[in-house]
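Accompanying notes for the structure given below.
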Amino acid sequence: MPMHRIDALHEPLTPVLTAILATLPPLAGPLLDVGCGAGAKIPLLRAKMNHTAPLIGLDCDLPALQEAVMADRLLAVAGDAHALPLRTASCGAAVCSAVLGLLRDQRTALRELRRVVRPGGWILIVTATTAWTPWSAQMRSWVTRLCERVEMPGSLLFATPEPAADLAALLRESGWSEVRTGAFAIEAGSDAPPVLPLLTREVVERHLTPVEVQEYDTVVADAGIELLPLILAATGT
Ligand SMILES: C[S@@+](CC[C@H](N)C(=O)[O-])C[C@H]1O[C@@H](n2cnc3c(N)ncnc32)[C@H](O)[C@@H]1O
């Protein structure tokens, strides 16, 4: 996904993430940004690290990783979150932002993260929550069609409906403790339909006929859905 879309979607989360990062213990080792993509979260993480610890960006998407390297000199690692090419206890902490819902086996990935984060280190996870699930069949069908036309995988929108309790339990089973959770509403910008900040007005109008735009607007207006990203922080003992 292009970085500007992630930036726009996640922008309202910045103060929340900053506040949560401030409550987490200081780093005793490199910070791993797993699934860093093009590096949208790197400035935020650099601020937390106060430039004292190295930042490792890991992703399976090489062009995105290249973009992250060009934007900020980080230690880039090409790899899969399910089998991290990193030594046991080699990282001080890990951040997993908008990645967990895309993984085929979250348990394996969380255990891998537990393995590479040293005892006493922490993990910060940002993922979408059940707010996605009450979408009506009509709404889903519209979004799927639109995603096909703009060549954006619909799975990005529908991938992560796990409730907070299940995910917290999964974290504990994967060796993490002191799990804290919180959900936060994202408000879309004024030029975007309220429920779909990933799809801007301009994209909608470019890819749908005027009649379709009218139908789309009606469905979106009736949907009454908010994006509720879920944030979990946990410590490794
Ligand atoms: C929605 S982007 C999030 C990027 C960044 N973390 C952020 O918050 O802006 C999801 C990223 O996860 C990466 N990803 C998905 N599956 C992965 C896997 N199995 N291993 C490593 N990275 C993965 C994708 O390539 C993509 O860059």
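Points to keep in mind about this one:
- Close amide H pairs (under 5 Å, H built 1.01 Å from N) link Ala94 with Leu32, Trp122, Ile123, Leu124, residues at least 5 positions away or on another chain.
- Site pair Arg145 and Glu202 shows an inter-label distance of 2.4 nm when each label is modelled 7 Å from Cα along Cα→Cβ.
- Across segment 172-179, computed HN-Hα scalar couplings (Karplus, 6.51 cos²θ - 1.76 cosθ + 1.60, θ = phi - 60°) run 5, 4, 8, x, 9, 9, 6, 6 Hz from first to last residue, x flagging Gly and Pro.
- Taking amide H positions as modeled 1.01 Å from N, with prolines and chain starts lacking one, the residues under 5 Å from Gly57 and 5 or more places away or on another chain are Asp33, Leu75, Ala76, Val77.
- Bridge orientation summary for segment 5-107: considering DSSP beta bridges with both residues in this region, about 10 percent are antiparallel.
- Given charges at beta-carbon only (K, R positive; D, E negative), |dipole| of segment 15-86 in Debye: 320
- Modelled FRET efficiency - R0 45 Å, Arg118 with Thr218, Cβ distances, 0.05 increments: 0.25
Since every read-out is calculated from the coordinates, none of them should be taken as a lab result. Since we're looking at a predicted model, the values are computed, not measured. Cβ: placed from backbone, ideal geometry, glycine included. Neighbour counts: every protein chain shown.
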